[in-house]
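Have a look at the structure below before the remarks.
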Amino acid sequence: MRTRLVNLRVPTDGQAGKGQDTVPADILIEGEKIAGVTPPGERPVEADEQRTDLQGQLVLPGAIDGHVHFDDPGFTHRETFETGTRSAAAGGVTCVVDMPCTSLPPVTSRANLEAKLAVIEPRAHVDFMLWGGVSANAMEQADWIANLEDVVSEGVGAIKVYMLSGMDTFRDLDTARIEAVLRETCRLGVPVGVHAEDRRLVLGLTEQLIALGRNTPLDYAASRPAAGEVSAVSTLGDLCRRTGARVHVVHVGAGEALDLIASARDEGLPLSGETCPHFLEFTQEDLASQGAILKTAPVVKTAADRERLWLGVANGDIQHVATDHAAGEWPAEKHTGSIWTDYGGVPGVELLLPYLYSEGYRKGRLTLGRLVELISTAPATFFGIDSRKGRLAPGYDADLTVIDEDGSWTVKAKDMHNLNRYTPMEGRTLAGRVTSTFVRGTLVFGLGSGGAEFLGPAGFGQRVKRETRVTP
Ligand SMILES: [Zn+2]
């Protein structure tokens, strides 16, 4: 089937001169692929083509959220693959990369990966990749290296490890074990994403604060200081230097940790970082007023950290932005009576693109081209799917997000599409509105006049596999 989307604008990739972010275009779709992005009317109309008029809206390559916890199977009171990917579709995210650690069994062997896939594949509204992982639990098995080889050969996007984990089913690794993992991933040509906080520092502070009877959101923040991230990233820089492995720091929240990543990159080390909308938006003042709703690990920091992160997403010190979507059961798990046991995590996949479009691009902190890099092109490259996703170009999957640039909307948890609905962004008014999302040429989300919504079927989303080895 051939479709022509007309009366739309696409980013210029900075080629059309200063001040001009977008140009009018037609997009031709054949089957699941983009066949052409051309000036309006340049290609002759074919007899059998369907025509869709987008009324001057902006079309971006679909966003890729490289860091989500959809908890399925195992913790489906928090999120399911069906509700998580529905939320993705509604936010213009056409591919998610799901973490290996918050489902049961964790993705640490081929059998576990296949068990998870059998459950989630029929539930996916958008395309997805899996992270594989190595936990202390996995490394206690004699065949952990063979298991790692198996999950890599299954096409996982990257391998996740923790320097500090709160999960019994996916325990953290000490430095020697991380080095052992990096030697293997370097050989296998797959990147490693690391939760980077100093275990000894954080656990020591936590114990002290609890012993003192402290129990406020700011006490929790005090247990996870910037120094914890800085120390961990410094260790990772050394490991990177020693092993040559491609290492990615997930959810960077501290400006000083980002400084370390930037200087490691200047040195030529294969170290990169991602941050999340909550670190770009909030500080500990917000944590104090919002409480557990904004509890995450790492925790939000100061206004100076936030400014450093915005600078980093604009100048390239940060390679991509992901959400770390992690919803606790609402309200029970977020209101346990103690900040120490309240669930740490916020749902966010639905807000990734709307937030960065509004607060990044429309407020002049990011160019449109940089926005596309941060949430489409760069994650596609990181996860080894850049020959088919992340660009509006012939031969690429027709994954498209359509934005009404004249629209605006107010974030309300009750209107979100995931399972447990709460958000620290409640009440924020964002400029621009996602009105349709296409995955491989098929509409998976549409917002009609009067707010009527269309959602495509669960099970349309397909698994995507890493196609390339990383070259550090
Ligand atoms: Zn996470």
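FYI, it's all coordinate maths here, none of it is from the lab. Quantities reported herein were computed from a predicted structural model and do not represent experimental measurements. Every residue, glycine among them, receives a Cβ derived from its backbone with ideal geometry; neighbour counts consider all protein chains shown.
Any chance you could give the angle, 0 to 90 degrees and rounded to 10, that helix 144-153 forms with the longest Cα principal axis of the chain?
So the helix axis and the longest Cα principal axis differ by about 10 degrees.
Any chance you could list P(r) for segment 188-274, counting all Cα-Cα pairs in 5 angstrom bins from zero, rounded to whole %?
Calculated P(r), rounded to whole percents: 3, 15, 24, 20, 14, 10, 7, 5, 2, 0.
Which listed residue (Ala180, Val23, Leu447) has the Cα farthest towards the positive end of the charge dipole for the chain, taking +1 on Lys and Arg C-beta and -1 on Asp and Glu C-beta about the Cα centre?
Val23
Taking the Cα centre of segment 62-382 as origin and charging only Cβ (+1 Lys, Arg; -1 Asp, Glu), how large is the dipole, in debye to the nearest 20?
400 debye
In sequence order, what are the phi-derived ³J(HN,Hα) couplings for segment 92-101 according to the Karplus relation 6.51 cos²θ - 1.76 cosθ + 1.60 with θ = phi - 60°, rounded to whole Hz, with x for glycine and proline?
After applying 6.51 cos²θ - 1.76 cosθ + 1.60, I find x, 9, 9, 8, 10, 10, 8, 6, x, 9 Hz.
What per residue convex hull volume, in Å³, comes out for segment 62-382 when only alpha-carbon positions are used?
Value for segment 62-382: 117 Å³ per residue.
With everything on Cα atoms, drop me the angle between helix 110-120 and the longest principal axis of the chain, reported from 0 to 90° to the nearest 10.
With rounding to tens, the tilt is 50 degrees.
Please report the spacing between the Cα centers of segment 411-472 and segment 153-198 in Å, no decimals.
When both Cα centres are located, 29 Å separates them.
How large is log10 of I(q)/I(0) for segment 333-442 at q = 0.10, 0.15, 0.20 Å⁻¹ when the intensity is taken from the Debye formula with one equal scatterer per alpha-carbon?
-0.38, -0.79, -1.15
If you keep only loop residues by DSSP, which GluC sites (Glu not before Pro) in segment 229-312 have at most 14 other Cβ atoms within 10 Å of their Cβ?
When the GluC sites (Glu not before Pro) of segment 229-312 are filtered for loop state and at most 14 Cβ neighbours within 10 Å, Glu267 remain.
Let's test this: bin the Cα-Cα distances of segment 407-468 at 5 Å from zero up to the farthest pair and state each bin's percent.
4, 13, 18, 22, 19, 12, 8, 4, 1
Taking the number of other C-beta atoms within 10 Å as the exposure measure, put Thr52, Thr341, Thr302, Thr401 in order starting with the fewest.
Fewest to most other Cβ atoms nearby, the residues stand as Thr341, Thr302, Thr52, Thr401.
According to the Kirkwood expression over distinct Cα-Cα pairs, how big is the hydrodynamic radius of segment 241-314, in Å?
About 13.0 Å, per the Kirkwood formula over Cα pairs.
May I ask for log10 I(q)/I(0) of segment 246-369 at q = 0.10, 0.12, 0.14, 0.21 Å⁻¹, from a Debye sum over the Cα atoms as equal point scatterers with solvent left out?
One equal scatterer on each Cα of segment 246-369 leads to -0.32, -0.46, -0.62, -1.20.
In Å, what is the Rg of the alpha-carbon atoms in segment 118-277, and how long is Dmax?
For segment 118-277, the Cα radius of gyration and maximum Cα-Cα distance read 16.8, 49 Å.
Under 8 Å for C-alpha pairs, at least 6 residues apart: give me the relative contact order for the chain, rounded to a whole percent.
That works out to 21 percent.
Determine Rg/Rh for segment 1-129; Rg is computed over alpha-carbon atoms and Rh is the Kirkwood hydrodynamic estimate from the same atoms.
1.12
Going by Cα centres, segment 292-358 and segment 73-141 are how many Å apart?
20 Å
Amide H neighbours of Leu8 under 5 Å, at least 5 residues apart or on other chains, H built in the peptide plane: list them.
Ala25, Gly56
Could you grab the relative contact order for segment 189-282? Cα pairs under 8 Å, six or more apart, rounded to a whole percent.
Over segment 189-282, the number comes to 31 percent.
How long, wide and thick is segment 150-232, going by the Cα atoms along their three principal axes, in whole angstroms, largest first?
Per principal axis, max minus min of the Cα coordinates gives 48, 22, 17 Å.
Each residue of segment 385-390 in order: what ³J(HN,Hα) in whole Hz does its phi give by Karplus 6.51 cos²θ - 1.76 cosθ + 1.60, θ = phi - 60°, with x for Gly and Pro?
10, 7, 8, 10, 9, x
Considering only DSSP beta bridges whose two residues both sit in the chain, what percent are antiparallel, to the nearest 5?
Around 50 percent of the beta bridges assigned by DSSP in the chain are antiparallel ones.
A 19 angstrom limit on the alpha carbon distance is what I want to check against. Which of Lys116/Lys465; Lys301/Lys363; Lys33/Lys116; Lys295/Lys334; Lys33/Lys160; Lys116/Lys389 exceed it?
In this structure, Lys301/Lys363; Lys33/Lys116; Lys33/Lys160; Lys116/Lys389 lie more than 19 Å apart at Cα.
Given contacts defined as C-alpha pairs under 8 Å and at least six residues apart, what's the relative contact order of segment 277-374, whole-number percent?
30 percent
Give me Rg/Rg_expected for segment 70-202, where Rg uses Cα atoms only and Rg_expected = 2.2 N^0.38 Å with N residues.
Compared with the compact-globule rule of thumb, segment 70-202 sits at 1.04.
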